[in-house]
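As structure tokens, the structure follows; a few thoughts come after it.
The values are calculated or read from the model by the stated rules, or taken from the named source; none is laboratory data. Bear in mind the structure is a predicted one, so any value in this text is a computation, not a measurement. Cβ coordinates were reconstructed from backbone atoms using ideal geometry, including for glycine residues, and neighbour counts include every protein chain displayed. Just the protein is used for accessible areas: all its heavy atoms, side chains included, with ligands, DNA and RNA removed. Shrake-Rupley method; radii C 1.70, N 1.55, O 1.52, S 1.80 Å.
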Amino acid sequence: MSVRRGSVASAVAVLVLTQLMFVVDTSIVHVALPDIRRELGFSSAGLSWVVTAYALTFGGLILLSGKVGSMIGPRRALVLGVAVFVIASVAGGLAGSAGMLVAARTLQGAGAALAAPSVLVLLMGVTAPGPQRSRAMAMFVLAVGAGAALGLLAGGVLTQTLGWRWVMFVNAPIGVPVLLGAVRNLPETERRRTSPDVGGAGASILAMVALVFAFTSAADRGWTSPSVLGAFAVAVLSLVLLVVCERRHPHPVMPLAFLSRMRSAGPLLSMLVVPAGQVGFLFFTTLLTQQVLGFTPVRTGLALVPFTLGLIATNQLTPRLLPRLGERVIGSAGLSGLVLGIVWMALVAADAGPDTSIVAVLLPSVLLGAGAGATFAPVTAVIMNQAPAEHIAAAAALNQGLQQLGGAMGLAVLTSVLAATGGLDRGLGTTLLATAAFPLAGLVLFGVWARRVPAPDTTRA
């Protein structure tokens, strides 16, 4: 892939904006959830599907989408995926029932899944190894980390001023310029001659759908419900089938080598559990601020702005520290910040009332943002750099897919915890405390098994 020097900045800007749009959409609906529930008549357990449906299809389809992108070309996959995403966003804004909105969110996730793997593949293709690629990766990681909090702020402003439907409509004026910029500035790579792994992709999708359905339904129907137990059984059988398919297929959607050693599996599994903690924090903090503390949607978004500021600050500092301290040290410090920030917010929630100061919410948000800014860059760097050249696309797809699946499954588990501990009135503090277990698991996985990424070779022209 060859890109003129003057076009690199434009290409990177298009790719980062694409990633930002997808990540923002994972959280922009959070602040609007109370209004959506009142207007469309969602149940307490069903409301989480507004978030989960998007993350589930995004994460569940992304492995197959990575293979499709290799076959039709990453630029084509990106353009097609963004087009589907924009159409689904408009449909969601026009939804007249709970089922219509969940269906639109599902289609949004499918579009994002088709486009997202191409973002990292193209980003690595249009940039040269060394400082140029490092700067581009820093912008990508910033979009991943800051997008969730930016979505909360945008969601609050749009919900309070124009109504909740605009958290869906807003993707159209962003997505159309992305499409035009992609066609004009992104080069196409050579398509790979490979056979589609339909069996492996189908097994992975079925396993993830069954797992999230089981966890989400358990909050409403109970863990011993026949439908819940049946879903868990389907998930286990699907995972066994996935392993069988991937062992036999010459071009698997998920190379089993990624999970055969803890050196490679540890960072990947940490990318599964860390987003579960972050999504849980954002989801339950918005419920805390609006339904317990009585904040408006805009004030809720503003209360989490320090999260973004803390993330930006550490994200800018992290690239300077990585060459000296290494990914394991920086990533472990960031994960520790995530754990402490969530525990701090759990203590705030346990004693929250109408007289609770906004400062009590701001301070743990700063710590959590700083931790996130120091976490995602080292974990992403380790995952991408240890992948063999022939599996870069698969690593990119798996990296993004695990983030989405982690968020979906984490929210499902934590919704069950909230229901079991007394609901919003009594269980928020305990649920947030349980949320901290996810980044704590990530700290163990990454801190023990991550290996330092070799420094780029700067001696060659």
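Annotations for the structure displayed:
- Counting only helices (runs of 4 or more DSSP H) that sit wholly inside the stretch 223-310, those with at least 3 residues that are over 21 Å from residue 117 (Cβ atoms) and out of contact with any Lys or Arg (no Cβ under 8 Å at 6 or more places or on another chain) are 226-248, 262-287, 297-303.
- Out of 48, 65, 43, 89, sole residue that is on the phi < 0 side of the Ramachandran plot, touching a residue at least 24 places away in the same chain (Cβ under 8 Å), surrounded by fewer than 19 Cβ atoms within 10 Å (Cβ to Cβ) and among the polar types (S, T, N, Q): 43
- Index of the failed condition, residue 269 passing every other in (1) surrounded by fewer than 24 Cβ atoms within 10 Å (Cβ to Cβ); (2) more than 22 Å from residue 440 (Cα to Cα): (2)
- Selection within the stretch 279-292 - open to solvent by 10 Å² or more (accessible area, probe 1.4 Å) and at pLDDT 85 or above: none
- The conditions of being modelled with pLDDT under 85, closer than 19 Å to residue 431 by Cβ and small (Gly, Ala, Ser) are met by residue 303.
- Checklist (1) part of a helix (DSSP H, G or I); (2) in contact (Cβ under 8 Å) with a residue 60 or more places away in the chain; (3) surrounded by fewer than 24 Cβ atoms within 10 Å (Cβ to Cβ); (4) not acidic (Asp, Glu) applied to residue 129, failing item: (1)
- Selection within the stretch 325-346 - of a type in the set (A, V, I, L, M), open to solvent by less than 10 Å² (accessible area, probe 1.4 Å) and within 15 Å of residue 275 (Cα to Cα): 335, 338, 342
- Matching residues in the stretch 343-388 - criterion: being at pLDDT below 85 and polar (S, T, N, Q): 356, 357, 380, 385, 386
- Residue check, residue 125 at positive phi, over 14 Å from the mean Cα position of the chain (by Cα) and modelled with pLDDT under 80: no
- Pair list, Cβ under 8 Å, 6 or more apart: the stretch 208-233 residue acidic (Asp, Glu), other residue part of a loop (DSSP other than H, G, I, E, B) and modelled with pLDDT under 85: 220/43
- Selection count, the stretch 162-175, where residues are open to solvent by 10 Å² or more (accessible area, probe 1.4 Å), under 18 Å from residue 286 (Cα atoms) and either of a type in the set (S, T, N, Q) or touching a Ser or Thr at 6+ places or on another chain (Cβ under 7 Å) (or both): 0
- Set side by side, the residues 91, 95 differ, and just one is in a helix (DSSP H, G or I), touching a helix residue (DSSP H, G or I) at 6+ places or on another chain (Cβ under 8 Å) and not hydroxyl-bearing (Ser, Thr, Tyr), which is 91.
- Per the listing 77, 83, the residue uniquely at pLDDT 90 or above, open to solvent by less than 10 Å² (accessible area, probe 1.4 Å) and part of a helix (DSSP H, G or I) is 77.
- Only residues that are open to solvent by less than 30 Å² (accessible area, probe 1.4 Å) and free of Cβ contacts under 8 Å to residues at least 60 places away in the same chain were counted across the stretch 423-453, and they come to 1.
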